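Every number in this text was worked out from the coordinates using simple rules, so none of it is lab data. Just so we're clear, the structure is a prediction, and the values are computed from it rather than from any experiment. All Cβ positions, even for glycine, are placed from backbone atoms using ideal geometry, and neighbour counts span all protein chains on display.
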Amino acid sequence: LKAIVIDCPKTFDAPVADPERFKAAAKKFAKILLDHPVCGQGLPAYGTNVLMNIINEAGTIPTRNFRFGRFDKAAEVSGEKLAEVATARGGKATHACHPGCVMRCSNVYPMPNGKVCAPIEYETAWCFGPNLEIGDLDTVAMLNYICNDVGLDTIDVGCTLGVLMEAGVMPFGDSQAAIAALEEVAQGTPLGRVIGGGPTNAGKLYGVTRVPAVKGQGIPAYDPRSCKGNGVTYATTPMGADHTAGYAVTANILNVGGTVDPTKKEGQVELSRNLQVATAAVDSTGLCLFVAFAVLDNPEGLPTVVEMLNAQYGINLTVDDVIALGQNILKVEREFNKAAGFTKADDRLPEFFQIEDLPPHHTKFDITDDELDEVFNF
């Protein structure tokens, strides 16, 4: 099952208990977003792929299946390059993914074959770019397009292709081989079925131990050895290696919501814990995750979110109530995982992150199992 489509002839506005109060809070929140350098400048200019050059410069961009932290052709698949090419071809460097979005970080990328890929996100540009040592934006777009067409997650597919390149099925950096392999998914060939099965499955079938995945889900575009807060999130989030569940890049790399040295272990467990709680709460509101940048830096951010909730539903939540909501969501998710057979042994990163140095920082993931087990102590 790939999708459920509902054809609704009528649309309606969500009911709002106090429209005027809600409008005032929403207007205030929009200003909070637009006044923030990430939400109001970086994302509207270049979309999420504004991160490519930033993460590469930070030495945290997983390259060649997580062997290196920098890629010498990162600029060729960056947000700046995407904006240049998309605009020249009549596409859009950025646009709103839905009416009313003030950040407008989506994009429309026309491909040489006349088709359109929309959008190309940073994590997608990473997994089909630096991760595979491919420095060509049109290749990234084509791989993205195929994933959209057949209904596959780009991060998982990129990690799977990295494992296959590790196994010698195709060379690193071979654009055409990667495209040809991914096209086999729709054909239902043995290789296509392997790719569709994800990175953990591919590693088992080809005898590869260097598999960047947690709980079967591919690890995204920030190496946990030089962005250790994200490493804690990858290991412990109930969903598997999900960067969005506790995006520690904020304090580790972007100095948003404070600063925690990304290469040291101190403070990473607390950072990930707090972000996972906050993210679970924000996700339940329906707000875009990217509001977190402004919310973390502006003391009025979270109270304004609470004000919007109270105005919409006619309730009287406090900030503490919303934090408790996030904690409860995580407890429920972990109880589900426990019932499904997951244990704390599944809240771990692959071993190679702990024993191999990551250039250029030459750091390992050194947060202990006992420390990881403390993440959900609330």
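Some points to look at:
- For region 232-327, the Kirkwood hydrodynamic radius from C-alpha pairs, put into Stokes-Einstein at 4 °C and a viscosity of 1.567 mPa s, yields a diffusion coefficient of 94 µm² per second.
- Unit charges on C-beta of K, R, D, E only; dipole of the chain, Debye: 520
- Averaged over residues, the count of other Cβ atoms within 10 Å places the peptides 353-359, 76-82, 230-236, 186-192 in the sequence 230-236, 76-82, 353-359, 186-192, highest first.
- Under 25 Å of direct C-alpha separation, and excluding same-chain neighbours fewer than eight residues apart, LYS23 reaches these lysines: LYS10, LYS31.
- Cα centre as origin, Lys/Arg/Asp/Glu Cβ charges: region 48-221 dipole, Debye: 260
- Dipole of the chain [Lys/Arg +1, Asp/Glu -1 at C-beta], most positive-end residue of GLY197, ALA181, PRO212: ALA181
- Considering only Cα atoms, the convex hull volume of region 48-221 works out to 113 Å³ per residue.
- Taking region 48-221 as the region of interest, the number of lysine pairs whose Cα atoms are within less than 21 Å, with members eight or more places apart or on different chains, is 5.
- Of ASP138, ASP320, ASP223, the residue with the greatest mean-square motion in the GNM of the chain, using alpha carbon springs below 10 Å, is ASP320.
- For region 195-220 and region 268-285, distance of Cα centres in Å: 26
- Highest-fluctuation residue, PHE68, PHE365, PHE336 considered, GNM on the chain with Cα pairs under 10 Å: PHE336
- Put simply, the Cα atoms of the chain extend 60, 53, 40 Å along their principal axes, the longest span coming first.
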